[in-house]
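Below is one structure; the comments refer to it alone.
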Amino acid sequence: MPDMIYVLNGPNLNLLGTREPEIYGTDTLDDIAGMLEDRARDLGLAIDIRQSNHEGHLVDWMHEAQARDARAVLLNAGAYTHDSIALYDCIKSIRTPVIEVHLSNPHSRETFRHRSHVGMAARGTIAGFGALSYLLALEAAARL
């Protein structure tokens, strides 16, 4: 069975494709999932892609990733990135490496987006490349 990569998406990412396309692009989460599934297959990996608007689901899923010995978690925590101590604590408490992913570059946006609690705990961050950010994160996870 191939190594598993969890791809976890936080609040409002279910609206990709229609939500502020000038910032987030026109790819939907399903479009991104398709790209990731194709590339994961090429890399000999399996992926499990999920989205929730609820912080606790993201925590539970990261615990599950560790329990199932996943190779890595790609996490786009959305707005929780900037204020979630729960996600920070979760990432610090699991062995599974977490790669922070953002479609936009938070540092080129509003000041409140410049701080990332997720990034302070994550193995690394890939941001600013639209849907390509997810593919770059998958490539990084494959090499861990």
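The values are calculated or read from the model by the stated rules, or taken from the named source; none is laboratory data. The model shown is predicted, which means the values in this text are computed figures rather than measured ones. FYI the Cβ positions are ideal-geometry reconstructions off the backbone, even for glycines, and counts take in every protein chain you see. These area figures cover heavy atoms from the full protein model, side chains too; ligands, DNA and RNA do not enter into them. Shrake-Rupley method; radii C 1.70, N 1.55, O 1.52, S 1.80 Å.
Laid out as a table, the results:
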{"read-out": "Meets criteria (touching an Asp or Glu at 6+ places or on another chain (Cβ under 9 Å) and either among the polar types (S, T, N, Q) or at pLDDT 95 or above (or both)) for Asn53", "value": "no"}
{"read-out": "Set Glu22, Glu37: member being part of a helix (DSSP H, G or I), within 16 Å of Ala137 (Cα to Cα), out of contact with any Pro (no Cβ under 9 Å at 6 or more places or on another chain) and open to solvent by 10 Å² or more (accessible area, probe 1.4 Å)", "value": "Glu37"}
{"read-out": "Region 83-95 residues that are within 12 Å of Glu55 (Cβ to Cβ), paired with ones that are modelled with pLDDT of 95 or more and part of a loop (DSSP other than H, G, I, E, B) (beta carbon under 6 Å, 6 or more apart)", "value": "Leu87/Ala77"}
{"read-out": "Candidate set: region 100-132, residues that are at pLDDT below 95 and among the β-branched types (Val, Ile, Thr); chosen: the one nearest to Asn76 (Cα to Cα)", "value": "Val118"}
{"read-out": "Single match in Leu144, Leu136 (criterion: over 12 Å from Asn9 (Cα atoms), outside any helix (DSSP H, G or I) and open to solvent by 50 Å² or more (accessible area, probe 1.4 Å))", "value": "Leu144"}
{"read-out": "Residue within region 107-116 that is in a helix (DSSP H, G or I), under 14 Å from the mean Cα position of the chain (by Cα) and surrounded by 18 or more Cβ atoms within 10 Å (Cβ to Cβ) present", "value": "no"}
{"read-out": "Criterion violated by Met62 - all others in (1) under 24 Å from Asp83 (Cβ atoms); (2) touching a residue at least 40 places away in the same chain (Cβ under 8 Å); (3) part of a helix (DSSP H, G or I); (4) over 13 Å from the mean Cα position of the chain (by Cα) satisfied", "value": "(4)"}
